[in-house]
Amino acid sequence: MDFMEFLKSRRSIRKYKEKPVEKEKIKKLIEAAVWAPNAENDQPWKFIVINDQHKMDLIQDVSVQGAADFFLAQKEHLQEKFKKLDLKRRKKLILGFTTGEFFAFINTAPVLIVVLADIKKTPYAVASASAACENMLLMSHRLGLGACWTVIGAVDKTNREKVKKIIGYDDPKWDVVAIVPVGYPDQDPSRKSRMRKPVEEAIDWQ
Ligand SMILES: Cc1cc2nc3c(=O)[nH]c(=O)nc-3n(C[C@H](O)[C@H](O)[C@H](O)COP(=O)(O)O)c2cc1C
């Protein structure tokens, strides 16, 4: 497949088959991640691979509550964002965001990967770990897996601290960059939603 087509066909996947993900494939995801560009080759990251359902449930609880708190605080912004939609659709979306229901898929994946950045090591830790996370998402797609970068539920530092505690990484040097459910997709990755604005709008030729 043409590389641009490949990039465009990667989509966030939020529904997964029950089929487990092979350990070899998970290792490949992390291998792709660590080959990301990273400031001064400091490699300021750690990838926590979670199969334990109880831990996944606990992380999801934090995320759902965190997302609900986050979106409830900006309900007016959501009203504005969705004002062009019909009332029924608008209500459904606002409810999904403000109850955190839209974020209740994390624990349905067979594997959850928490991407941590070592923020004491370098001021660029979050940027480097983010590059690694994107490599991981692209490799997931390449291997026929589906994944989704989630972190909105942990946007608040206290929630990120809760996630760190659940996985046993409560040292202050770590920060949570992404919580990535991974599994075999159970939805069409090439669906037409979430298209992009014309590229010209993003460019400023100088
Ligand atoms: C920093 C970041 C945080 C995100 N947080 C969430 C999240 O908490 N929950 C979620 O369902 N998707 C989350 N996403 C995925 C975006 O919603 C998604 O990438 C975007 O809508 C574009 O869709 P696509 O990935 O299918 O192209 C996040 C993506 C990024 C890069």
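Bear in mind these aren't lab numbers, they're just calculated from the coordinates by the rules spelled out. Everything numeric in this text was worked out from a predicted model, so none of it was measured. Note that we place each Cβ from the backbone using ideal geometry, even for glycine, and neighbour counts take in every protein chain shown.
If you take the residues of region 1-13 that are more than 11 Å from residue 145 (Cα to Cα) and in contact (Cβ under 8 Å) with a residue 24 or more places away in the chain, which of them is farthest from the ligand (Cβ to nearest atom)? Steps first, please.
Taking region 1-13 as the starting set, the residues that turn out to be more than 11 Å from residue 145 (Cα to Cα) are 1-9.
Still in the list and also in contact (Cβ under 8 Å) with a residue 24 or more places away in the chain: 6-7, 9.
Working: 6: 13, 7: 10, 9: 10 Å.
Here the residue is 6.
Being in a helix (DSSP H, G or I) and touching a strand residue (DSSP E or B) at 6+ places or on another chain (Cβ under 9 Å) is a description that applies to residue 30.
Whether any residue in region 122-145 is within 15 Å of the ligand (Cβ to nearest atom), part of a strand (DSSP E or B) and either under 30 Å from residue 74 (Cα atoms) or more than 12 Å from the chain's Cα centre (by Cα) (or both) is what I want to check. The answer is no, given that none of the residues of region 122-145 is within 15 Å of the ligand (Cβ to nearest atom), part of a strand (DSSP E or B) and either under 30 Å from residue 74 (Cα atoms) or more than 12 Å from the chain's Cα centre (by Cα) (or both).
Residues that are within 14 Å of the ligand (Cβ to nearest atom), surrounded by 19 or more Cβ atoms within 10 Å (Cβ to Cβ), in contact (Cβ under 8 Å) with a residue 12 or more places away in the chain and β-branched (Val, Ile, Thr) do not occur anywhere in region 23-36.
Here residue 175 fulfils each of the conditions (1) without any contact (Cβ under 8 Å) to a residue 40 or more places away in the chain; (2) crowded, with 18+ Cβ neighbours inside 10 Å; (3) of a type outside the set (A, V, I, L, M) apart from (1).
Within region 120-152, the set of residues being farther than 26 Å from residue 58 by Cα and of a type in the set (Val, Ile, Thr) comprises 122 only.
Looking only at region 153-198, count every residue that is among the hydrophobic types (A, V, I, L, M, F, W, C), more than 10 Å from the ligand (Cβ to nearest atom) and more than 18 Å from residue 56 (Cα to Cα) and tell me the total. Number satisfying all stated conditions: 1.
Every residue in region 168-183 that is under 29 Å from residue 19 (Cα atoms) and under 17 Å from the mean Cα position of the chain (by Cα), please. If the condition is that a residue be under 29 Å from residue 19 (Cα atoms) and under 17 Å from the mean Cα position of the chain (by Cα), then 176, 177, 178, 179, 180, 181, 182, 183 are the ones that fit. For region 84-118, which residues satisfy the criterion of being in contact with a Gly (Cβ under 7 Å, 6 or more places away or on another chain) and assigned to a helix (DSSP H, G or I)? Selection gives 102, 103.
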